[in-house]
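Data block below; observations after.
Laboratory data are not the source of any read-out in this text; all were calculated from the coordinates shown. No experiment lies behind these values; they were computed from the predicted model shown. Here the Cβ positions follow ideal geometry from the backbone for every residue, glycine too, while neighbour counts run over all protein chains shown.
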């Protein structure tokens, strides 16, 4: 089953 | 800050659409308009709103300010407006409160509310400019129906976009389902158009719970835009007048 990813894995905190 | 919005209803609809995802938010005001960016507690979804200064008349913001507002409080106050009311938002320098004035266009009724502001230390994400592999525009009501229908069967939806069209499919305990849309042009009712602009095929899986939540914004725009690229977050955009927008980003589910 696919796993829910976290947005911060794609977008960097600024 | 002094910003007059012809329709208080617009802000009310925005707040109604996002308040189950995010609770306390900074409304960042500067001379280009009023922006909001907030992630949900689980860091899976992000709301990005931009109300450009052109959406207001007049709009004045002399210094950049962040108005930290609890959305439940804002919703309570916006519910005090009548549907046709004009809204003026006002805040001073280093404000303790934001002031909302509702004016009726056709009567002399004027109501005024202050909401206490809060200090919100919010994480801000840099969202890279992305050339998406698939850009899909479709009726927002259609997208809402697909998400609600498929959620009856499953927690997740696979969105596959090929030159044949866009397919939303799910698999659950009771069975499976899918809806496929092809490009479609309705000259009389352009809000019913389905437009698929594809540079390469895309297949991604997303949580339906969040998508159904995003669809609360359907009342803001007849059309919704979905932007997808493999292995990046989905962008769901509701366009507003004067290039303003309400956008949602959703992290994909990726196979283990």
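Would you order B:44, B:97 from fewest to most other beta-carbon atoms within 10 Å of each residue's own beta-carbon?
By the 10 Å Cβ count, ascending, the order reads B:97, B:44.
Spin-label model, residue B:60/residue B:203: points 7 Å from Cα along the beta carbon direction are separated by 5.8 nm. Put simply, the Cα atoms of the range B:42-124 extend 44, 29, 25 Å along their principal axes, the longest span coming first.
Arrange the following residues from fewest to most other Cβ atoms within 10 Å of their Cβ: B:80, B:61, B:227, B:161.
Details: B:80 14, B:61 18, B:227 22, B:161 25.
Ascending Cβ contact count within 10 Å gives the list B:80, B:61, B:227, B:161.
I need the calculated FRET efficiency for the pair residue B:191 and residue B:75, taking r as the beta carbon distance and R₀ as 41 Å, to the nearest 0.05. Rounded to the nearest 0.05, the efficiency is 0.90.
Where does each of B:31, B:40 land when they are ranked from fewest to most other beta-carbon atoms within 10 angstrom? Walk me through the numbers before you get to the answer.
Values: B:31 11, B:40 19.
The most exposed by this proxy come first: B:31, B:40.
Only helical DSSP H runs with n ≥ 4 go in: add -39500 (n - 2.57) per run for the protein assembly as shown, normalise by residue count and round the 222 nm mean residue ellipticity to 500 deg cm²/dmol.
Numbers: 4 runs with 38 residues, N = 270.
Value at 222 nm, helices only, nearest 500: -4000 deg cm²/dmol.
Site pair residue B:152 and residue B:109 shows an inter-label distance of 3.9 nm when each label is modelled 7 Å from Cα along Cα→Cβ. Counting, for every residue in B:249-255, the Cβ atoms of other protein chains within 10 Å of its Cβ and taking the mean gives 5. Judged by the ratio a/c of the largest to the smallest principal axis of the C-alpha gyration tensor, the protein assembly as shown counts as prolate, that ratio being 1.5 or greater while a/b is larger than b/c. Under the simplified labelling scheme, the residue B:97-residue B:31 pair shows an inter-label distance of 3.0 nm, with each label point 7 Å from Cα along Cα→Cβ. Counting, for every residue in B:141-148, the Cβ atoms of other protein chains within 10 Å of its Cβ and taking the mean gives 0. The ellipsoid that matches the Cα gyration tensor of chain B has semi-axes, each √(5λ) in whole angstrom, of 35, 20, 17, with the longest given first.
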